[in-house]
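Data first, discussion second: the structure below is written as structure tokens.
All of the numbers you see were taken from the coordinates with simple rules; none came from a lab. Bear in mind the structure is a predicted one, so any value in this text is a computation, not a measurement. No Cβ is skipped: glycine too gets one built from the backbone with ideal geometry, and neighbour counts run over all protein chains shown.
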Amino acid sequence: MGVSFLSTLPSLVHLSPLSNSNTGTHIYPSPRAVPIRCNKIETDVTGGDNVFRRRDVLKCFGAAISMELIAISGSFVEMASAADLIQRRQRSEFQSSVKETLYTAIKGKPEVVPSILTLALNDAMTYDKATKSGGPNGSVRFSSEISRPENKALSTVLDLLEEAKKEIDSYSKGGPISYADLIQYAAQSAIKYTFLASAIRKCGGNEEKGNLLYAAYGSNGQWGLFDKQFGRTDTQEPDPEGRIPQWEKATVQEMKDKFKAIGYGPRQLAVMSAFLGPDQAATEALLATDTEVLPWVQKYQRSRETVSQTDYEVDLITTLTKLSCLGQQINYEAYTYPVQKIDVTKLKL
């Protein structure tokens, strides 16, 4: 007596035929998709070309099981890929809504732009490389931190962002937005607002032409890496004191030292001049007194006079992107939510 294991696998179709001593006919594994099955078949086990030996049985069975496992794992991969795409879409849609809310809030009060930039800088610059603590973790929201000398003028803009947060949380399906994300994305919206406003000015105040100019020559595409860093976690306590200088009172050397401590040099210090206090022109005049920073100040001033502002804009976006995730572990599943299942039995056809 012999036992044959027939599988749905195409590769097994070419196995040797099985001889049936009762009928004298040959039985071939079917190429159709059928479940694995066992059949009793009488064969001549003494020899012959058409004998299906035990090792052939084991090979057939092993191949069938292996391919079944591969098929199952393949379906899991497909499911995982689909779930990943759904999560990406959820995050992207939520992110777009967050940007729109923040941009609208800033557009209504453009005078808050310098304070928003400084707030984002101060929340991030608490990062300490030695202890790997601090950074853009939303700690500036605590009353004990926002009341410090370096943050004393920023409480009003924090109130503005908290109002925006209420609106954002009201439509979020994946939980409230973190203050860490809120603050850094507010800085992004503030920068985009200033770039667009500059383009509009270059078009004589024509908003439609300014939008077209920025779409054609701006560096909006450079924000791609920044946008991926979405999912910062809030700290539950204030960061240590003494890590942030009062920018409007600091010397150039003090600024250079602070930037050096987080891995930045004169180039990044110059490009971040708009973040270092309420008056960018005054800050740049001070930075220009330093021979190391002066060439970069001049470079970005020239760039801002051009139509595209490419050098200035690209370097600023790159610098802020790195700054906005110092020491942070990004949760790439943040703000996602389970997809509602559809009961097909209730569908009307």
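Points worth noting:
- The fewest-to-most ranking of Trp296, Trp223 by surrounding Cβ atoms within 10 Å reads Trp223, Trp296.
- Put a plus charge on the Cβ of each Lys and Arg, a minus charge on the Cβ of each Asp and Glu, and nothing anywhere else: the dipole of the range 196-349 about its Cα centre is then about 540 debye.
- Three-way shape call for the range 117-242 based on the alpha-carbon gyration tensor, with the a/c threshold at 1.5: prolate
- Applied to the range 107-124, the Karplus parametrisation 6.51 cos²θ - 1.76 cosθ + 1.60 on θ = phi - 60° returns per-residue 3J(HN,Hα) values of 4, x, 9, x, 5, 7, 3, x, 5, 5, 5, 5, 4, 5, 5, 5, 5, 7 Hz, with x for Gly and Pro.
- Gyration tensor verdict on the range 123-170 (Cα atoms; rounded if a/c is under 1.5, prolate if a/b is larger than b/c, oblate otherwise): oblate
- Space enclosed by the convex hull of the alpha-carbon atoms of the range 93-323, per residue, Å³: 121
- Point-charge dipole on Cβ atoms (K/R +1, D/E -1) for the range 93-323, about Cα centre, debye to 20: 420
- Between Leu276, Ala288, Gln298, the Cα set farthest toward the positive side of the dipole of the range 263-312 (charges on each charged residue's Cβ, about the Cα centre) is that of Gln298.
- Checking the cross-link pairs Lys132/Lys322; Lys192/Lys228; Lys249/Lys299; Lys109/Lys173 against a 19 Å limit on the alpha carbon distance flags Lys249/Lys299; Lys109/Lys173 as lying beyond it.
- Whole-Hz couplings from phi, Karplus 6.51/-1.76/1.60, listed for the range 157-169; x for Gly and Pro: 6, 5, 4, 4, 5, 5, 5, 5, 4, 4, 5, 4, 5
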